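The values are calculated or read from the model by the stated rules, or taken from the named source; none is laboratory data. Bear in mind the structure is a predicted one, so any value in this text is a computation, not a measurement. Because the Cβ atoms are built from the backbone with ideal geometry, glycine has one as well, and the counts that use them run over all protein chains shown. For the accessible areas, the whole protein counts, side chains as well, though only heavy atoms, and no ligand, DNA or RNA atoms are used. Shrake-Rupley method; radii C 1.70, N 1.55, O 1.52, S 1.80 Å.
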Amino acid sequence: MKKLINDPADVVAEALKGVAAAHPDRLRVDHEQKIVYRRDAPRQGKVGLISGGGSGHEPMHAGYVGLGMLDAACCGEVFTSPVPDQMMAATTAVDGGAGVLHIVKNYTGDVMNFEMAAEMAAADSGVRVESVVTNDDVAVTDSLYTAGRRGVGVTVLLEKIVGAAAEEGRDLDAVLALAQQVNDNGRSMGMALTSCTVPAAGTPTFELADDEMELGIGIHGEPGRSTVKLAPAREIAQQLVEPVLADHDFTGAPAIVMLNGMGGTPLIELYLMYGEVAQILRKSGVEVARCLVGNYITSLEMAGCSVTVLRASDELLKLWDAPVNTTGLRWGV
Amino acid sequence: MKKLINDPADVVAEALKGVAAAHPDRLRVDHEQKIVYRRDAPRQGKVGLISGGGSGHEPMHAGYVGLGMLDAACCGEVFTSPVPDQMMAATTAVDGGAGVLHIVKNYTGDVMNFEMAAEMAAADSGVRVESVVTNDDVAVTDSLYTAGRRGVGVTVLLEKIVGAAAEEGRDLDAVLALAQQVNDNGRSMGMALTSCTVPAAGTPTFELADDEMELGIGIHGEPGRSTVKLAPAREIAQQLVEPVLADHDFTGAPAIVMLNGMGGTPLIELYLMYGEVAQILRKSGVEVARCLVGNYITSLEMAGCSVTVLRASDELLKLWDAPVNTTGLRWGV
Amino acid sequence: MAAISTEQAGAWLADYAQVIGENAAMLTDLDRQTGDADHGSNMDRGMKAVAALDVSSFDSPGALLKKAGMTLVSNVGGASGPLYGTFFLRFAGALDDGPDDASGLLGALRAGLEGIEQRGKAERGDKTMIDALAPAVEAFETQSGAGTSAALTAAAKAAARGRDEATDLIARKGRASYLGERSKGKQDPGATSMTLLLESAARTLGSA
Amino acid sequence: MAAISTEQAGAWLADYAQVIGENAAMLTDLDRQTGDADHGSNMDRGMKAVAALDVSSFDSPGALLKKAGMTLVSNVGGASGPLYGTFFLRFAGALDDGPDDASGLLGALRAGLEGIEQRGKAERGDKTMIDALAPAVEAFETQSGAGTSAALTAAAKAAARGRDEATDLIARKGRASYLGERSKGKQDPGATSMTLLLESAARTLGSA
Ligand SMILES: Nc1ncnc2c1ncn2[C@@H]1O[C@H](COP(=O)(O)OP(=O)(O)O)[C@@H](O)[C@H]1O
Ligand SMILES: Nc1ncnc2c1ncn2[C@@H]1O[C@H](COP(=O)(O)OP(=O)(O)O)[C@@H](O)[C@H]1O
Ligand SMILES: [Mg+2]
Ligand SMILES: [Mg+2]
Ligand SMILES: [Mg+2]
Ligand SMILES: [Mg+2]
């Protein structure tokens, strides 16, 4: 295992030291609880937005804390959901009197830990908490006999859009409804060329031959739906976009598209892939109104990518374009 | 070789298709010549800024084209400097009557190709061209018996700062002098945990054992000064920062620091490294006024990082903070 | 008086913490094959925190085990944190409220199982830790007439059997469920750590 | 009339393009060891473009070789683009202006060498393509009394010797210079492609 780390047990804590050192102007870090706060949280009257999850997906979520996006991110160990104490503390800290929305990715661990936190918050602090669970991963086709679709790329788009709505002063019900709308209208599919190595484990999570790739992965280095033959970018784009388009109607509305890298794939390849994806979308009658190309929701150093498509609307585009000032996404300010 | 590509010969051309598809609002791409232009170039009365180099260093340079930074980037093949025809065409296209500055990284190929372009531009078009050659890499200690120090991280900071000055309307002499000042006051040092694979070559450029790392690398996947034992992040930070601080006085002035990833190292490790670097700088009396942590000047999928420190001033910080709207750096707009 | 003493509960936790430490790499490796390679480090982080509790400061086994459950919830994260945490919280409540014989322990085990089922919404056959715990509770019940020691030994054996039988199943809950058919033939990490818990109980609570 | 015909110049370029195609992987592999793994693909891209020129449309060997030089400059990039480009540009100028015997070819070769030296600011012993070309020009001069064919054969042999002798040197120019001591013992890619160029000349320009 070759990583820029000290002790594998300290990776998250030490990375947060770096985050605090790099962004004192925008962020405040609770090192004890491993929570990254927007410097000026809580904002009176604004719905508080918190998210969190295992670490190793950077810039998500800590990179999305700031004006126009999250108020706090709870950082778990690598690929391990945070604990309810963190969500409790963050909930209390960011509540500005308008309640708090928990943005949860649909993984058993995340859902259970956030659930416990919401139960405890309701009992202890009296803060009104609502939750949205993202589940946009079309690779999971069977949701009856599985833990259900995973929350992946749409989480990023949702945090941006819902963040803008909260910043605008919308109330918790409106923010929750919007979050649901975004989740319902977004789909993703991912693939990996290589596995990744969890620092504490020390060896790659799965093995792939030189001529194989993994299709339908999540974001935890877990193996995907199937191991298939390595293919040219053009075919990979097809294999990612087709199941996305088959699962939801993206025509007749502007779309927001994200071509996301899994952490170890260089930008030149991501742009090449975006070119292929854009061409397929064009041919399929999907009108791309906004796009992101880069590493936004990753699996440590995994090589690979995912495609997310969100059926938007003029309102969603307006919220998308609203100012955002986080370390991972920034514009308009 | 596992990459998200089609034919290795088409990587740059196809990546540029993706760039064009992703950013039609901000960029214009000449696919024939492989030049990425700022959408609204040429700007009358503004000094034109062009840079370029081999591809594989993304977001550099195409990711730095836009308001407040470059007017054009000439994209060579992977790790191969662009050809004079490209710089000629870009020079003519971005000249707004105030002359053009070529920002060149000190590599034999880049220097010679840009030199030929400047000679041709002077002869053919009458556009006044000046050049700055960046050479901030302290890993190259001997400049008499080598091709001289390589241009690495400072190039990014220079493009931002000089871009702001050009945007402000400063004339070519002033912009050139500023570029020299930035180059003279910046130093970098890099390391690699893994090599990278040039698509057309198909195999990794160098080999490293599991317990080795390469110290003093450039940005072309070329082996560095020495192969040394793999070390914890804390020691690596020391090995990078010490030669930088030994080469220039960074005390008594605000510093701009970049902790740059080589392309294959995830953000969590880069932040961890930044934490270590920040601590050493603090102990050494260097006051960090601004910083960047992320992938800014890369070597394809190489794992590793580099540290760049620039001795700034209030004026440089003001230019640093000025609005920039590129796909790789954006703030204030 | 509960079915076990505070000291016994303390011995159980200490023993389990040690066993988890010894088996962390193995558990993580199982999780590497069907999950995300963290089950061993998750459990180890949690049980190390539990092992640091001062047993002498608790005045009932339930109080100690409740604190252990809360400690797991607060330190583990992932799926196993809420699940093992809930197990101990419910176990603790039932234990202090229950009779001081084997049936008290049975009630506690059953409460723990129900807690996991409610929290995780999984059932037997989904290829989770339940596939070790549920048969263990049944076996304990069947053998509880023969005394706590015999019942716990039977429970541990049943857990191991359940864990092994689950290996052939297709996972329907948790991260392994994303693998579908590919999860078949892989041993479930949670069923494995649960078996270790029952084996540890058999070693430490047997004289109850 | 120049020292060689336009057809001969065309044959030289065609032969070199083919040889480069055959040796591109080898050249890139050498560059992998001391540089950035692109010398073979650089030269191949350039010579493929050169091979596409219509020889019959040029009315002097110098015109053809000048266009070849410009084509290399416009298509290769890196260090080798300007260097080989300059070589052919200068070679072409001297050839058309020079006498029609071996001394005309010598003058062209020397002009090419000087062009590379000026453009790259390197000298013999820096472990570059110059270490193959400079001894080749010398050998050609020594043998030029024996006729073009013998002189070219001697030049090609001297180039190969120079290339091999340079292997033991420490690079002082180009990318390999960053390796310092570590460049010792590695064969220089540019000296290798330059040797191929002179061997190709011996094959195709010999009857001049
Ligand atoms: N819904 C569930 N109900 C019961 N047990 C579950 C459930 N989901 C997962 N598990 C158990 O949790 C184990 C994985 O735990 P762990 O690896 O620590 O968490 P995570 O999956 O979040 O990384 C699985 O092996 C399985 O036994
Ligand atoms: N300054 C120089 N003068 C002469 N030849 C040089 C010089 N620098 C490099 N070379 C030659 O160029 C070769 C490398 O060419 P190439 O790999 O195509 O370019 P790059 O180094 O830009 O990737 C070297 O092997 C060497 O022979
Ligand atoms: Mg996990
Ligand atoms: Mg090169
Ligand atoms: Mg796990
Ligand atoms: Mg090269």
Relative contact order for the range A:186-313, counting Cα pairs under 8 Å that sit 6 or more residues apart, in percent
35 percent
If you build the convex hull over the alpha carbons only and average its shadow over all orientations, what do you get for chain D? Give it in nm² to one decimal.
9.5 nm²
Straight-distance crosslink candidates among aspartates and glutamates, where the alpha carbon sits under 15 Å from B:LYS318 and sequence neighbours closer than 8 are dropped:
B:GLU159, B:GLU167, B:GLU168
List, shortest first and in nm to one decimal, how far the label point of A:PRO24 (7 Å from Cα along Cα→Cβ) is from its counterparts in the other copies.
4.6
Between B:ASP124 and the same site in the other copies, what are the distances in nm, shortest first, taking label points 7 Å from Cα along the C-beta direction?
7.1
Quick one: check the C-alpha center-to-center distance for the range A:9-83 versus the range B:41-74, whole angstrom.
34 Å
Cα-based shape type of the range A:13-120, given that a ≥ b ≥ c are square roots of the gyration tensor eigenvalues and the cut on a/c is 1.5:
oblate
Could you tell me the number of lysine pairs in chain C with C-alpha atoms less than 17 Å from each other, where the two lysines are 8 or more residues apart or belong to different chains?
8
Net charge near D:GLU123, counting Lys/Arg +1 and Asp/Glu -1 over other residues with Cβ under 12 Å of its Cβ?
+1
Among B:CYS305, B:CYS291, B:CYS74, which one shows the highest mean-square fluctuation when chain B is modelled as a Gaussian network with alpha-carbon springs under 10 Å?
B:CYS291
Which one, B:VAL293, B:VAL277, B:VAL241, has the greatest fluctuation when you compute a Gaussian network model over chain B with C-alpha springs under 10 angstrom?
B:VAL293
For a Förster distance of 30 Å, can you work out the FRET efficiency between the beta-carbons of A:GLN180 and C:LYS184, rounded to the nearest 0.05?
0.25
Contact order relative to length for the range C:6-204, counting C-alpha pairs under 8 Å separated by 6 or more residues, stands in percent at 21 percent
Cα gyration tensor, chain A - rounded (a/c under 1.5), prolate or oblate:
oblate
Using eta = 0.890 mPa s and T = 25 °C, Stokes-Einstein with Kirkwood Rh from Cα pairs puts D for the protein assembly as shown, in µm² s⁻¹, at 79 µm²/s
Is the range B:64-184 rounded, prolate or oblate when judged by the Cα gyration tensor, a ≥ b ≥ c being the square roots of its eigenvalues, rounded requiring a/c under 1.5 and prolate requiring a/b larger than b/c?
oblate
Given springs between every Cα pair under 10 Å in a Gaussian network model of chain B, which of B:PRO42, B:PRO204, B:PRO24 has the largest fluctuation?
B:PRO24
Sorted by accessible area (1.4 Å probe), largest first, how do B:ASP71, C:ASP101, A:ASP85 line up?
C:ASP101, A:ASP85, B:ASP71
Magnitude of the Cβ-charge dipole of the protein assembly as shown, K/R +1 and D/E -1, about the Cα centre, nearest 20 debye?
700 debye
With the full set of protein chains in place, find how many percent of the accessible area of the protein assembly as shown is carbon and sulfur; take the probe as 1.4 Å.
49 percent
Buried on assembly, the range B:251-266 (at least 40 Å² less accessible surface than by itself, 1.4 Å probe):
B:PRO266
Could you tell me the center-to-center distance, by alpha carbons, between the range B:238-294 and the range A:149-219 in angstrom?
31 Å
Using a label position 7 Å from Cα in the Cα→Cβ direction, what is the ascending list of nm distances from A:SER226 to the same site in the other copies?
5.2
How much FRET efficiency would the formula 1/(1 + (r/R0)^6) give for B:GLU242 and C:ASP97, where r is the Cβ-Cβ distance and R0 is 60 Å, rounded to 0.05?
0.40
Could you please state, rounded to a whole Å, how far the C-alpha centre of the range C:76-96 is from the C-alpha centre of the range D:148-208?
74 Å
Scaled radius of gyration (Cα, divided by 2.2 N^0.38 Å) that the range B:186-317 gives:
1.05
Helix-only mean residue ellipticity at 222 nm for the protein assembly as shown, each DSSP H run of n ≥ 4 adding -39500 (n - 2.57), per residue, nearest 500
-15500 deg cm²/dmol
Note: B:ALA122 to B:LEU230 extended length (0.36 nm per residue) minus current alpha-carbon separation gives 33.9 nm
Of the candidates C:ALA150, C:GLN187, C:LEU133, the farthest towards the positive dipole end of the range C:110-208 (Lys/Arg Cβ +1, Asp/Glu Cβ -1, centred on the Cα centre) is C:GLN187
In the range B:16-33, the residues losing 20 Å² or more of accessible area (1.4 Å probe, heavy atoms of protein chains only) relative to their chain alone are B:GLY18, B:VAL19, B:ALA21, B:ALA22, B:HIS23
Directionally averaged shadow of the range A:119-262, computed from the convex hull of its alpha-carbon atoms, nm²
12.0 nm²
With contacts defined as alpha carbon pairs under 8 Å and 6 or more residues apart, what's the relative contact order of chain B in percent?
18 percent
Given R₀ = 41 Å, FRET efficiency for A:ASP211-C:GLN18 by Cβ-Cβ distance, to 0.05?
0.40
Give the ranking of A:THR108, C:THR195 by solvent-accessible surface, highest area first, calculated with a 1.4 Å probe.
A:THR108, C:THR195
To the nearest 10 degrees, how steeply does helix D:80-97 sit against the main Cα axis of chain D, on a 0 to 90 scale?
20 degrees
